[in-house]
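The values are calculated or read from the model by the stated rules, or taken from the named source; none is laboratory data. If you're wondering where the values come from, they're calculated on a predicted model, not measured in any experiment. Here the Cβ positions follow ideal geometry from the backbone for every residue, glycine too, while neighbour counts run over all protein chains shown. Accessible surface is based on the protein model in full, side chains and every heavy atom, while ligands, DNA and RNA are left aside. Shrake-Rupley method; radii C 1.70, N 1.55, O 1.52, S 1.80 Å.
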Amino acid sequence: MLSIKYTLFSVSGVSSFIIFYMGVVNFLTSADESTGMILLIFSIFVAIGTLLATVHISKIITEPIEKLAKSMSEFSKTNKRAKGYEIKTNVSEIFQLNEDFTSMEEKVEKTITVQNEYVEKLKDMDRKKIEFSSMVSHELKTPLVPILGYIQMLQKENFLGDLNDKQIDAVNEIYISTLKLQRLIGDILTTQKLDLGKLDFNKENTNVSDLLLSILKEFKPIALEKNIILEMDYDENIHILTDKDRINQVFSNLIKNAIDFVSAKTGIVTIGAKDQDDHVEFFVSDNGQGISADKQSEIFKKFYQIDTSTSRKRSGSGLGLAICKGIVEGLGGKIRVESEENVKTTFFFNIPKN
Ligand SMILES: Nc1ncnc2c1ncn2[C@@H]1O[C@H](COP(=O)(O)OP(=O)(O)O)[C@@H](O)[C@H]1O
Ligand SMILES: [Mg+2]
């Protein structure tokens, strides 16, 4: 790229040379020696004058423009006004350009300062909001312990006196709703911990088939109650260093969803694990209603549910899959879903072996 200075000096250098050259030619070809000499001296003066004028123009025009260009380039990199580029000029256009640029710099600087203050305020508000809701959730969780304790005492015969059938039904309803509330508060607390990066992971050597068997055992009664098949499909002898309680939590959320979305009697839910070199690929698949392609990336977002109508049959907070994603990523893995509507849905999650 050409610079103004270089162009200016090139043009004036060539012009001076031509003027000087013409003076020399005149001197050599002129019949009258004194006229030739006068023309030669004149051409030397003009050539020197042209060079001096160029130096002067360069000083008053190109130098301030160069400074302005450097200061603009510095500003565009740092968003701060560069020092050492103060410009003094009598050229009105350059003066105006410099004034406008200085005022633009000041405005940008002010805007950035205000913007940074807002970002800090928002971060602070966000932190306070999480801390507040975390405190509320804790406060809600604490009374649930005695509530559940008393419900269980009421459910045990001869513990707090006999209840009639209607009272027993009422206590059972209270028990189911209290468990739902406990689960919801637990999910909110887990989500908050994930947001704050405070969820602990305790890794231990885990036998994958033992883990799957214990999960299967836990969910068999619910599957039987809905009259669906719950089965396993896994590679033998897989060992993994991971947090088995958190893996269990991921499976629980996925299995609960799968059971909810298959039809009674024809539903099949399969849980399993495949050995894949340095990681294990766990999965939960079902032959339920499926998830349309456009919703598949949405469902991992917090509080997202496809059916939000009040008439929907299942309950839930929309936190389950967000928690699964947080846990799996916290353990160094990835979760994904493959689904064909009304045919099959499979959630896969990879966990590194070490
Ligand atoms: N196996 C599945 N089959 C069909 N839809 C599913 C399945 N698992 C999850 N979904 C959809 O993803 C949404 C989010 O799931 P989740 O985060 O567990 O929240 P929740 O279970 O509380 O609704 C569900 O509301 C449901 O619409
Ligand atoms: Mg769920």
Which residue is nearest to ARG183 (Cα to Cα), if the candidates are limited to region 124-168 and must be open to solvent by 70 Å² or more (accessible area, probe 1.4 Å) and not in a helix (DSSP H, G or I)? LYS156
Within region 234-270, work out how many residues are away from ligand 2 (no atom under 16 Å from the Cβ), in contact with a Lys or Arg (Cβ under 7 Å, 6 or more places away or on another chain) and either charged (D, E, K, R) or not assigned by TED's automatic domain parsing to the domain that holds ALA322 (or both). 2
Just one of the numbered conditions (1) farther than 22 Å from LEU331 by Cβ; (2) more than 16 Å from ligand 2 (Cβ to nearest atom); (3) among the small types (Gly, Ala, Ser); (4) buried (at least 16 other Cβ atoms within 10 Å of the Cβ) is not true of ALA273; which one? (1)
Contact list please: Cβ distance under 9 Å, first residue in region 262-280 and among the basic types (Lys, Arg), second residue open to solvent by 70 Å² or more (accessible area, probe 1.4 Å) and assigned to a loop (DSSP other than H, G, I, E, B), pairs at least six apart or on different chains. LYS265/ASN227
Specify the residue that is farthest from ligand 1 (Cβ to nearest atom); the eligible residues are those in region 253-279 that are under 26 Å from GLU204 (Cβ atoms) and in contact with a Gly (Cβ under 9 Å, 6 or more places away or on another chain). HIS279
For region 304-329, which residues satisfy the criterion of being more than 8 Å from ligand 1 (Cβ to nearest atom), under 27 Å from PHE201 (Cα atoms) and open to solvent by 30 Å² or more (accessible area, probe 1.4 Å)? LYS325, GLU329
Give just the number: which of (1) among the β-branched types (Val, Ile, Thr); (2) more than 7 Å from ligand 1 (Cβ to nearest atom); (3) closer than 30 Å to THR242 by Cα does ILE299 not satisfy? (2)
Just to be sure I understand, how many residues within region 250-265 are closer than 19 Å to LYS325 by Cα and open to solvent by 10 Å² or more (accessible area, probe 1.4 Å)? 4
Those residues of region 103-140 which are at pLDDT below 90 and among the polar types (S, T, N, Q) amount to SER133, SER134, SER137
Out of contact with any Pro (no Cβ under 9 Å at 6 or more places or on another chain), modelled with pLDDT of 85 or more and farther than 20 Å from PHE95 by Cα: does that describe SER34? yes
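GLU225: open to solvent by 90 Å² or more (accessible area, probe 1.4 Å) and within 27 Å of THR142 (Cα to Cα), yes or no?
On the way: open to solvent by 90 Å² or more (accessible area, probe 1.4 Å): yes; within 27 Å of THR142 (Cα to Cα): no.
For GLU225, the condition - open to solvent by 90 Å² or more (accessible area, probe 1.4 Å) and within 27 Å of THR142 (Cα to Cα) - is not met.
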